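Where a number appears in this text, it was derived from the coordinates with a stated rule and is not lab data. Remember, predicted model here, so these are calculated numbers, not experimental data. For neighbour counting, all protein chains shown are included, and Cβ atoms are generated from backbone atoms with ideal geometry for every residue, glycine included.
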Amino acid sequence: MAAKKSQGAALPLSYAGITTVSVTKIHPFSIGTIIKYRLNTLCYNNMMNRFCKKHGLVKHLKRKDGIYRCASCASEWVVNNRKAKKERLVKLFGGKCTLCGYKTYVGALDFHHINPEEKEFTLSVKGLCYSWTSILKEAKKCIIVCKNCHAEIGVGIKKI
């Protein structure tokens, strides 16, 4: 029997935006798969499907400077940056609950505003996106309490 003919002409690698042959060493995908995805790359709302060394074929966000960045890598960076800021802030302000002395896990410590009228923003997860100077300015209006003490302050069981 004769071998089946391919339906279309083979495209050169440079047509798909691939300039090196070592692409298969970076990803377990075949060259054909890479070409298929490169040709079918979709752009919408400043997002594009591209290859990331860590996550494979995923959405990439377009930054303000025009460079695309893996959405998953960007998300991981934000999470790690917020955790690092909170650890640094807790360590700077004593590292333990001011009411009961709890200090085992940084994630169980909150910043409670002494005077809620002075609060510009909360120092929860989203508040840690501000600049370090803004965070320090806001943290000076707070005390560190564990989540249990914070809940008891909220319902009036404990007083500051």
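Anything in the range 54-68 that is of a type outside the set (Phe, Trp, Tyr) and either in contact with a Cys (Cβ under 7 Å, 6 or more places away or on another chain) or not in a loop (DSSP other than H, G, I, E, B) (or both)? List them, or say none. Passing the criteria: Lys54, His55, Gly56, Leu57, Val58, Lys59, His60, Leu61, Lys62.
Residues in the range 55-114 that are polar (S, T, N, Q) and surrounded by 13 or more Cβ atoms within 10 Å (Cβ to Cβ): Ser72, Thr98. So for the range 57-68 (the condition being among the hydroxyl-bearing types (Ser, Thr, Tyr) and either in contact with a strand residue (DSSP E or B) (Cβ under 7 Å, 6 or more places away or on another chain) or more than 16 Å from His150 (Cα to Cα) (or both)), does at least one residue qualify? Yes: one or more hits.
Residues in the range 44-77 that are among the aliphatic types (A, V, I, L, M) and out of contact with any helix residue (DSSP H, G or I) (no Cβ under 8 Å at 6 or more places or on another chain) were compared, and the one that is nearest to Thr133 (Cα to Cα) is Ala74.
Name the single residue that is surrounded by the fewest Cβ atoms within 10 Å (Cβ to Cβ) among those in the range 119-134 being over 19 Å from Thr98 (Cα atoms) and under 20 Å from the mean Cα position of the chain (by Cα). So, considering only residues that are over 19 Å from Thr98 (Cα atoms) and under 20 Å from the mean Cα position of the chain (by Cα), the one surrounded by the fewest Cβ atoms within 10 Å (Cβ to Cβ) is Ser131.
For residues in the range 137-148 being in a helix (DSSP H, G or I) and out of contact with any Leu (no Cβ under 8 Å at 6 or more places or on another chain), which is farthest from Phe93 (Cα to Cα)? Give the steps one after another, and end with the answer.
Residues of the range 137-148 that are in a helix (DSSP H, G or I), as a first pass: 137-139, 147-148.
Still in the list and also out of contact with any Leu (no Cβ under 8 Å at 6 or more places or on another chain): 137, 148.
Working: Lys137: 12, Asn148: 19 Å.
Looking at the filtered set, the residue picked out is Asn148.
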